[in-house]
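*Asks:* To start, I am sharing the structure in question, which I have written as structure tokens.
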Amino acid sequence: MSEMIKKLTVKDVDALIEIARSSWKWIYRNIYSNEFIESWIREKYSKDKLLNEIIRSQSDLDIILLGSFAESTMTGFIELKTSANKAELLRFYLKPECTHKGIGKSLLLEAEKIMKKKGIVECSLYVHQQNNVAVSFYKKNGFEVKDIDGDDFVMEKKYKDLQ
């Protein structure tokens, strides 16, 4: 089953919210209560907000929003916000059963191709210190811990070869 990566469209919004919810419930099940996770998803993944971000991505503005698909089913997504020559990775989730299959790496590489075209030289992100799956993934893919902000590691990857 081969993965296809493409920009998300407004039709993908419900699948995106569902992947975020299932991923949060899997990754954070021992960190946050189910009530906290549900309220976080309602607030941070409201359909209106996401539709706006999808449209900004479609228009090649300041959002890069890509999804991976097996046949026509979304398996994961990545979202970055760009500003001048920097990017911040805002959201990066896979269906729990789709982790450790190279899908995340493919999504990241595709996003990095777009960043390269935009002249991005640095990408940063915040990740919960107890999110071992993500911390390990980011380290394997060239991100380094630069700081700690509350419960989060602030990680960064520089793209020196892009100049």
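The values are calculated or read from the model by the stated rules, or taken from the named source; none is laboratory data. All of these numbers come straight from a predicted model, not from anything done at the bench. Methodologically, a virtual Cβ is constructed for each residue, glycine included, from the backbone with ideal geometry; neighbour enumeration extends over all protein chains shown.
*Asks:* When region 76-102 is examined, which residues are found to be within 12 Å of the chain's Cα centre (by Cα) and of a type in the set (Val, Ile, Thr)?
*Replies:* ILE78
*Asks:* Evaluate the following for GLU3: is it under 16 Å from LYS95 (Cβ atoms) and touching a residue at least 24 places away in the same chain (Cβ under 8 Å)?
*Replies:* yes
*Asks:* Would you confirm whether any residue within region 124-137 is polar (S, T, N, Q) and in a strand (DSSP E or B)?
*Replies:* Yes: region 124-137 contains one or more residues that are polar (S, T, N, Q) and in a strand (DSSP E or B).
*Asks:* Which of (1) of a type in the set (D, E, K, R); (2) assigned to a helix (DSSP H, G or I); (3) modelled with pLDDT of 95 or more does LYS116 not meet, given it meets every other one?
*Replies:* Answer for LYS116: the failing condition is (3).
*Asks:* A further question on this structure: Name the single residue that is surrounded by the most Cβ atoms within 10 Å (Cβ to Cβ) among those in region 35-70 being in a helix (DSSP H, G or I) and among the aromatic types (Phe, Trp, Tyr).
*Replies:* TRP40
*Asks:* Which residue out of THR99, THR73 is of a type outside the set (A, V, I, L, M), exposed (fewer than 15 other Cβ atoms within 10 Å of the Cβ) and in contact with a helix residue (DSSP H, G or I) (Cβ under 8 Å, 6 or more places away or on another chain)?
*Replies:* One residue alone meets the criteria, THR73.
*Asks:* Taking the condition of being under 13 Å from the mean Cα position of the chain (by Cα) and either among the hydroxyl-bearing types (Ser, Thr, Tyr) or assigned to a strand (DSSP E or B) (or both), how many residues in region 8-32 meet it?
*Replies:* The total comes to 1.
*Asks:* Would you please list the contacts, defined by Cβ atoms under 6 Å and residues six or more apart or on different chains, that run from a residue in region 142-163 that is at pLDDT below 95 to a residue that is basic (Lys, Arg)?
*Replies:* LEU162/LYS116
*Asks:* Look at VAL133 and say whether it is farther than 25 Å from TYR45 by Cβ, surrounded by 15 or more Cβ atoms within 10 Å (Cβ to Cβ) and either touching a helix residue (DSSP H, G or I) at 6+ places or on another chain (Cβ under 8 Å) or modelled with pLDDT under 95 (or both).
*Replies:* no
*Asks:* Taking region 136-163 only, how many residues are within 23 Å of ILE5 (Cα to Cα) and surrounded by 17 or more Cβ atoms within 10 Å (Cβ to Cβ)?
*Replies:* The number of residues fulfilling the criteria is 5.
*Asks:* Moving on to the next point. Any idea which of ARG21, ARG29 is surrounded by fewer than 16 Cβ atoms within 10 Å (Cβ to Cβ) and of a type in the set (Lys, Arg)?
*Replies:* ARG29
*Asks:* Does region 89-100 contain at least one residue that is in contact with a Cys (Cβ under 8 Å, 6 or more places away or on another chain) and in contact (Cβ under 8 Å) with a residue 12 or more places away in the chain?
*Replies:* Checked against the condition, which is being in contact with a Cys (Cβ under 8 Å, 6 or more places away or on another chain) and in contact (Cβ under 8 Å) with a residue 12 or more places away in the chain, region 89-100 yields at least one hit.
*Asks:* Do we have any residue at all in region 78-91 that's part of a loop (DSSP other than H, G, I, E, B) and loosely packed, with under 13 Cβ neighbours inside 10 Å?
*Replies:* yes
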